[in-house]
Amino acid sequence: MKIGILTSGGDCAGLNAVMRAIGLYAYENIKNCEIVGIPEGYGGLIRGESAPMSRSDFEGLLNVGGTVLGTRRTPFKTMTVPDEGGATRLERMRANYKKMGLDCLFTLGGAGTHRTAALLCAEGCNVIGLPKTIDNDIYGTDVTFGFHTAVDVATEAIDRVRTTAASHGRTILVEVMGNKAGWLTLYAGIAAGAEVILLPEIPFNIDKICETVVRNYEAGKPCNIIAVAEGAVLDSEAGFKKKERAFVRTDRGETTVTAHLAEVIGERTGSETRGTVLGYIQRGGNPSAYDRILSSRLGSFAGKLAKEGRFGVTAAIVGREITFNALPEIAGKYKLVDPSSQIVRSAEDIGVCLGR
């Protein structure tokens with residue numbers, strides 16, 4: 001069996017650990033196995049590039065962050081658009097899949113990667129997906145690898161911000177990644193004891209936030225920490241498209257929700273207010289122990305799926321068990337935070353303001 005592996009979309013901790021588990025399982029359990037790595041995600045497959053990977057190439061990857069194959073974002077919407085030569089990217093990938101002589105292709109990525117993987121399946125390619133994203137927004141799996149490491153990183157960052165916020169008596173807004181889904185902000189915010197947590201799924205009311213900030217200071221709290229998902233939206237603009245939202249447009253031009261909200265809170269409450277963006281530190285670094293174990297389980301299970309000839313699926317964890325979903329059934333769907341879920345109610349029950 002000849003196997004191809006690629007990593008697509010944004011990087012995160014656990015990509016190398018999953019590849020390691022796939023490689024070790026395949027070389028241990030599949031006879032006459034050959035593995036090739038495809039560089040830069042679907043870009044490498046479009047160009048027809050690959051390089052052989054021996055068993056030794058997978059050793060030592062368990063605790064290494066990022067991806068040794070490199071990754072790129074290749075938008076799903078461009079896959080079926082003809083290029084200057086008249087062929088689509090999808091057609092080139094299918095042709096190169098056959099030219100490489102692949103019997104199976106592992107695609108490690110998020111929601112967009114899964115959508116493209118489903119297209120390849122429909123074109124007759126044997127594909128097995130693996131759910132990667134710090135956003136934890138892939139439908140059909142309880143957890144994605146990379147998520148818990150990002151939660152740990154964001155939590156530690158907020159912990160560090162709190163000490164300086166308390167020292168100066170400030171309100172500090174910490175922007176966390178998450179444009180559509182607020183899982184990362186919710187988990188890190190709860191873990192770090194944030195006084196306010198703002199999610200894309202729960203549009204915020206400025207008055208509620210300011211009331212919370214003032215009440216906390218009056219109660220003797222030394223500071224306020226507000227964890228803000230980058231996709232958080234004002235309640236009066238929740239139904240607007242991003243380019244139509246006036247809240248992120250000021251006299252100085254376009255800004256972020258976090259930056260503008262910091263200004264508004266400072267003006268209305270009189271508190272010294274600052275904003276900070278965590279950015280790419282949430283993606284970087286080595287995987288946590290949790291993600292190393294999850295990645296090993298998912299990669300090994302995916303290798304077993306290949307050995308059994310079960311293609312057109314993506315690995316998943318449901319409850320305590322590793323299982324799989326059919327790619328066409330989950331591709332294009334997102335798992336978002338339910339505003340009425342138990343974890344949201346639990347946060348509010350202990351006094352966390354979610355802006356509503």
In square nanometres and to one decimal, what's the mean projected area of the convex hull around the Cα atoms of region 1-146? 8.4
Computing the accessible area with a 1.4 Å probe over protein heavy atoms, can you report the carbon and sulfur percentage for region 65-139? 47
So how far apart, in nm, are the two label points at Lys304 and Ile206 if each is 7 Å from Cα heading toward Cβ? 5.4
Mind putting together the pair-distance distribution for region 93-172? All Cα pairs, 5 Å bins, whole percent per bin, short to long. 3, 14, 17, 13, 11, 10, 9, 7, 5, 4, 4, 3, 1
Averaged across orientations, what area in nm² does the convex hull of the alpha carbons in the chain project? 19.1
Exposure rank, largest accessible area first [Lys77, Lys98; 1.4 Å]: Lys77, Lys98
Counting only helical runs of four or more DSSP H residues, what would the 222 nm mean residue ellipticity of the chain come to if each run contributes -39,500 (n - 2.57) and the total is spread over all its residues? -11500 deg cm²/dmol
Send over the semi-axes of region 25-88's equivalent ellipsoid, whole angstrom and largest first, taken as the square roots of 5 times the C-alpha gyration tensor eigenvalues. 29, 15, 9
Charge dipole of the chain about the Cα centre (unit charges at C-beta), most positive-ward option of Phe240, Ala13, Ala157: Ala13
Axial C-alpha extent at least 24 Å, average Kyte-Doolittle at least -0.5 - helices from the chain (DSSP): 147-168, 289-307
Nearby aspartates and glutamates by direct alpha-carbon distance to Lys98 (threshold 12 angstrom, same-chain neighbours under 8 apart not counted): Glu123
1.4 Å probe accessible area per residue over the chain, in Å²: 43
From the P(r) of region 240-356, can you give the percent of Cα pairs sitting at distances over 19 Å? 73
Straight-line reach from Lys307: which aspartates and glutamates have Cα under 18 Å away, leaving out those fewer than 8 places along the same chain? Glu28, Glu34, Asp103
Intensity falloff of region 176-295 expressed as log10 I(q)/I(0), Debye formula with alpha-carbon point scatterers, at q = 0.09, 0.15 Å⁻¹: -0.28, -0.73
Using the structure shown, list the pairs from Lys132/Lys335; Lys208/Lys335; Lys2/Lys77 with a Cα-Cα distance above 20 Å, or answer none. Lys208/Lys335; Lys2/Lys77
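The values are calculated or read from the model by the stated rules, or taken from the named source; none is laboratory data. Everything numeric here is computed off the predicted structure, so don't read it as measured data. Glycine gets a Cβ as well: all are built from the backbone with ideal geometry, and neighbour counts include every protein chain shown. Protein only, heavy atoms only, side chains kept; ligands, DNA and RNA dropped before computing areas. Shrake-Rupley method; radii C 1.70, N 1.55, O 1.52, S 1.80 Å.
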